[in-house]
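No value in this document is a laboratory result; all are computed from the given coordinates. Quantities reported herein were computed from a predicted structural model and do not represent experimental measurements. Here the Cβ positions follow ideal geometry from the backbone for every residue, glycine too, while neighbour counts run over all protein chains shown.
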Amino acid sequence: MRRDIFQAVADPTRRAIIVLIALQAMTPNAIADNINTTRQAVSKHLRILTECELIKQEQKGREIYYSLEIEKMKEIDKWLEQFKKIWETKFNQLDNLLTTIKKVKK
């Protein structure tokens with residue numbers, strides 16, 4: 001089954017994993033220790049994040065380290081950008097309305 005990045009980031013545990021490995025590559029055991037969950041649960045989340053290409057694996061000796069795929073995260077940012085423009089427009093309209101109300105009251 002093909003998953004998309006929005007399904008991946010919908011889960012709070014996967015978002016926590018993303019935050020953790022954004023700073024440095026980590027092993028599944030280190031991730032499990034930091035988010036207080038089992039290694040098996042972390043493996044399931046890492047599989048989903050890998051399928052969505054949000055993270056990548058790198059073998060170093062006997063350990064596998066996971067790190068964030070920054071380019072893939074840009075897809076989320078690009079999608080959110082359309083809403084940022086809408087929010088900015090709405091805030092500017094509100095600011096103009098408040099300025100008008102303030103002038104009328106004086």
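Some observations on this one:
- Loop chymotrypsin sites (Phe, Trp or Tyr not before Pro), segment 1-89, which have at most 10 other Cβ atoms in a 10 Å radius of their Cβ (DSSP): none
- In straight-distance terms, cross-link reach from Lys102 covers every one of the lysines whose alpha-carbon lies under 28 Å from its own, apart from those fewer than eight places away in the same chain; here that gives Lys84, Lys85, Lys90.
- Span per principal axis, largest first, for the Cα atoms of segment 5-105 (Å): 71, 26, 21
- Using alpha-carbon coordinates, inclination of helix 39-51 to the longest axis of the chain, degrees: 60 degrees
- If you run the Gaussian network model on the chain, springs between alpha carbon atoms under 10 Å, then out of Gln82, Gln57, Gln93 the most flexible one is Gln93.
- GNM flexibility winner over the chain from Ile17, Ile55, Ile86 (Cα, springs under 10 Å): Ile86
- Ranking of Val9, Val42, Val19, Val104 by count of other Cβ atoms within 10 Å, fewest first: Val104, Val19, Val9, Val42
- Cα-based helix-to-principal-axis angle, 70-105 vs the chain, degrees rounded to 10: 20 degrees
- Comparing Lys60, Lys44, Lys78 in a Gaussian network model of the chain where C-alpha atoms under 10 Å apart are linked, the largest mean-square fluctuation is found at Lys60.
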